[in-house]
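The values are calculated or read from the model by the stated rules, or taken from the named source; none is laboratory data. All of these numbers come straight from a predicted model, not from anything done at the bench. Positions of Cβ are backbone-derived with ideal geometry, glycine not excepted, and every protein chain shown enters the neighbour counts.
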Amino acid sequence: MKPFGDIVISALIPKAYRFEFRLAMRHLLSGGLQTILTISAVATGVIIVVFITSLIFGLQNMMSVLLTESIPHVTVQVEDPKPKPIEDPNNPTSSRIEVSASRLKFIDNWDEVVTMLRGLPNVSDVAAVVSGQGFASKGANPIGVTVVGADPELLDVITPITRDLVSGRYKSLSSDEIVIDTELAKDLNVTVGERIRLTSSSNQADSFTVAGIYNRGQGRGSAYVTLRNAQSLFGLGTSVNIVYLKVHDIYAVDDLSNSIMALTKYEARPWTRDYSRNLTNMQMMGISAYLISAFSLIASAFAIASVLIVSVLQKSAQIGILKSMGARQSQISTVFVFQGLGVAIIGSSVGAVVGTAIAYLLSLPTRPAVAGQEPLALFPVKIIPLYIGLAMLAAIITTVIAAVLPARRAAKLNPVDVMR
Amino acid sequence: MASTTSTPITEVIPIGDPPIVIETRGLKKTYFGKIDVPVLFGLDIEIRAREFLAIVGQSGSGKSTLLNILGALDVPTAGTVLVNGVDISTLDEDGLARLRSDEVGFIFQAHYLLDEFTCLENALMPITIRHGEASDEDRERVLKLLERVGLGDQINKHPDEMSGGQNQRCAIVRALANQPKIVLADEPTGNLDSRSGAEVFEMMREMNRLSGVAFVMITHDDRLAQAADRILLIEDGNIVEITNDEHKKKVDRLTPVKELA
Ligand SMILES: Nc1ncnc2c1ncn2[C@@H]1O[C@H](COP(=O)(O)OP(=O)(O)OP(=O)(O)O)[C@@H](O)[C@H]1O
Ligand SMILES: [Mg+2]
């Protein structure tokens, strides 16, 4: 009658490693507190890695979502950086008035370009836009404003406006209607239904009824009109001067921009170019996540190495007798590597489960919801299965590396010295 | 070697003269350190199959040193050791491990059974080390040996659940597990009271008679030494006395060699 454990070992472990495997497992089983402590060291390392990566990459993800959900991901226009289509929150002065009366450079075959762009991989939405600088006025004091004209349905997907409306509407915008932000409404002292006057940089002027007022909470925003109104304001006929794109993968915009520039004669500007500082910050967050992960794994590797060294010392007489029975050096070191591997596999599994559980529990509480918006998680945790797997793998590799030194030490022990 | 004649390679072993298992020529050992300690001054020893040899001598005379060298656990400073005709200085680390596994069995003063394993698992350990797993035949054979040394009802106990004498008897079986040519025992009864010491010695003697495996036993117990076939006294780094020689020859001729189990 073979014990159950033997049957399992016979089924799973190649014959050449059964002695080493069995001895390593017995060491772990009889190790008691020592075994529990090393497993805890690995588990703690993995918990930290899973938790930190979920939190930091979750934060990163939230930041990039918040950053990119209201802006076009790629802007296609005639090669000329002016006029800046959207406000840079890091640089509020960018909404200053462009005092040039020159005509906007237009995209002549824009419907062809739009059709072509719609067919590109990664592109989710495309909107043809007329955008330029102008002055808004009610009575006296004109105030500089960026005027954006586009199909409301399309633009609402790319730079959400309806979502941020404080009053009025945007979607069914009709001719001679305008949507402005709260700042401008305050400066002009107007509310929905009142009329304001717009003068474009091409010195065309028109009157508009305020259809809606929005608040995006970040400096001065654009004024939205219909495409047709904008075309006539800037004297573009039936042309547009900008095409906005929304993509699926916000980090793959550089390649997309390059291929657009290769396919058209226009400049394609990815969002990353205007937000490079935010992007660098997010990359630093990512790097700090990797650093914290690496150091916590190294710390647990030291713990494991020291416990294994103690284990080798405790077992030195045993190692001596095993060698006198014919155990080879490689067999002895394999025993301790297996011991480390056992600790690593159990510890990293425990760590993955506990770490994921902590990350999940942290993802549950939400901030008090802002009216009209979805409640945000208090901790923007993002559990990434790939990173959990990588954390386990990294923990297993570092643990095995940590086991190598004690294992070699054990293998080199001289039986005559250790059995006095 | 170039041989021009057609000499048959077969070695002719004279009847009644069992083959040499271990042979030393000019074996010297000095421990080098702050002070060099010369221990063995050039020993020529022959140990033959089936014999039971006792090594005696004062504490510190070099008995353990000699035994460790015979079992390839230690290396001599000069001279050669031949195990089964093979000069062990020609073996690499793995070759030495194989020699310790297949040709030699060790018994020490402490039993050195592994606490984590049962008596049976401990007794099977040399086979497990060598082959990864004991075959059913190995298991049967070792079980019979355990029964013969009176441990038939103890096989599932761990060392800390057995007496010193029981543990040492288990260690004897372990030394025999891989069917070695020779068992080297360094004061195997040294930790035991005289009764269990005598029992352990009897077990070894019986194994020696039944299986024909040679035994070399270091002992401080004169009565046990007298019960050996031959006594080797180490004094001042030399072998100064070999007694019981006539007795040994008699035993060789009279003792029938049976294979165990
Ligand atoms: N590793 C070593 N380094 C230096 N000297 C050693 C070493 N091992 C043994 N010796 C010395 O060699 C001599 C022989 O030691 P050995 O252990 O062989 O004696 P022994 O005959 O087995 O003694 P005992 O009967 O006490 O076991 C002793 O003087 C001992 O101090
Ligand atoms: Mg000794």
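Counting the residues of region A:382-420 that are away from every other protein chain (no Cβ under 14 Å) and within 16 Å of ligand 2 (Cβ to nearest atom) gives 0.
Out of the residues in region B:76-113 that are buried (at least 21 other Cβ atoms within 10 Å of the Cβ) and assigned to a loop (DSSP other than H, G, I, E, B), state the one that is farthest from the other protein chains (Cβ to nearest Cβ). Ranking the qualifying residues of region B:76-113, first place goes to B:Pro76. More than 21 Å from the chain's Cα centre (by Cα), surrounded by fewer than 23 Cβ atoms within 10 Å (Cβ to Cβ) and facing another protein chain (nearest Cβ under 8 Å) - does that describe any residue in region B:144-155? There is no residue in region B:144-155 that is more than 21 Å from the chain's Cα centre (by Cα), surrounded by fewer than 23 Cβ atoms within 10 Å (Cβ to Cβ) and facing another protein chain (nearest Cβ under 8 Å). Here A:Leu37 meets each of (1) of a type in the set (A, V, I, L, M); (2) within 14 Å of another protein chain (Cβ to nearest Cβ); (3) surrounded by fewer than 19 Cβ atoms within 10 Å (Cβ to Cβ) with one exception, condition (2).
To keep it simple, each residue is scored yes or no on (1) of a type in the set (Gly, Ala, Ser); (2) modelled with pLDDT of 90 or more.
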site	(1), (2)
A:Val8	no, no
A:Leu23	no, yes
A:Gly32	yes, no
A:Leu66	no, no
A:Ser70	yes, no
A:Glu79	no, no
A:Lys84	no, no
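When region B:55-75 is limited to residues that are more than 24 Å from A:Ile319 (Cβ to Cβ) and either facing chain A (nearest Cβ under 9 Å) or not in a strand (DSSP E or B) (or both), the one that is nearest to the chain's Cα centre (by Cα) turns out to be B:Gly62. Counting the residues of region B:128-143 that are in contact with a Phe, Trp or Tyr (Cβ under 9 Å, 6 or more places away or on another chain) and either part of a helix (DSSP H, G or I) or more than 7 Å from chain A (Cβ to nearest Cβ) (or both) gives 4. In region A:187-195 there is at least one residue matching the filter, namely being of a type in the set (Ser, Thr, Tyr), surrounded by fewer than 17 Cβ atoms within 10 Å (Cβ to Cβ), in a loop (DSSP other than H, G, I, E, B) and touching a residue at least 24 places away in the same chain (Cβ under 8 Å).
How about region B:36-73: which of its residues are of a type in the set (Asp, Glu) and surrounded by fewer than 19 Cβ atoms within 10 Å (Cβ to Cβ)? Matches in region B:36-73: B:Asp36, B:Asp44, B:Glu46. The number of residues in region B:192-220 that are within 16 Å of ligand 1 (Cβ to nearest atom) and in a helix (DSSP H, G or I) comes to 1. Residues in region A:380-399 that are under 9 Å from A:Phe57 (Cβ atoms) and either among the aromatic types (Phe, Trp, Tyr) or out of contact with any helix residue (DSSP H, G or I) (no Cβ under 9 Å at 6 or more places or on another chain) (or both): A:Tyr387 alone. Checking each residue in region A:112-142 for being of a type in the set (Lys, Arg) and more than 33 Å from the chain's Cα centre (by Cα) picks out only A:Lys138. In region A:322-332, of all residues being surrounded by fewer than 23 Cβ atoms within 10 Å (Cβ to Cβ) and in a helix (DSSP H, G or I), the one that is farthest from the other protein chains (Cβ to nearest Cβ) corresponds to A:Ser330.
With respect to B:Leu91, is the statement that it is in contact with a Lys or Arg (Cβ under 9 Å, 6 or more places away or on another chain) and within 16 Å of ligand 1 (Cβ to nearest atom) true? The answer is no for B:Leu91. Within the set A:Ile13, A:Ile9, A:Ile39, the sole residue that is closer than 28 Å to A:Ser300 by Cα and without any contact (Cβ under 8 Å) to a residue 40 or more places away in the chain turns out to be A:Ile13. When we screen B:Val56, B:Val75 for residues that are more than 16 Å from ligand 2 (Cβ to nearest atom) and either of a type outside the set (Gly, Ala, Ser) or under 20 Å from B:Asp236 (Cα atoms) (or both), the only hit is B:Val75. Might you check whether a residue that is in a loop (DSSP other than H, G, I, E, B) and surrounded by 15 or more Cβ atoms within 10 Å (Cβ to Cβ) occurs anywhere in region A:365-376? There is no residue in region A:365-376 that is in a loop (DSSP other than H, G, I, E, B) and surrounded by 15 or more Cβ atoms within 10 Å (Cβ to Cβ).
For region A:3-21, filtered to residues that are touching a Gly at 6+ places or on another chain (Cβ under 8 Å) and surrounded by 14 or more Cβ atoms within 10 Å (Cβ to Cβ), the residue that is farthest from the other protein chains (Cβ to nearest Cβ) is A:Tyr17.
Going by what's in this entry, would B:Phe201 be described as in contact (Cβ under 8 Å) with a residue 40 or more places away in the chain, surrounded by 21 or more Cβ atoms within 10 Å (Cβ to Cβ) and out of contact with any His (no Cβ under 9 Å at 6 or more places or on another chain)? Considered against the rule, which asks whether it is in contact (Cβ under 8 Å) with a residue 40 or more places away in the chain, surrounded by 21 or more Cβ atoms within 10 Å (Cβ to Cβ) and out of contact with any His (no Cβ under 9 Å at 6 or more places or on another chain), B:Phe201 comes out as no. Tell me which residues, restricted to region B:181-191, are surrounded by fewer than 23 Cβ atoms within 10 Å (Cβ to Cβ) and either within 16 Å of ligand 2 (Cβ to nearest atom) or part of a helix (DSSP H, G or I) (or both). Passing the criteria: B:Asp186, B:Glu187, B:Gly190, B:Asn191. Being within 16 Å of ligand 2 (Cβ to nearest atom) and over 30 Å from B:Leu210 (Cβ atoms) holds for only one residue in B:Leu40, B:Leu67, and it is B:Leu40.
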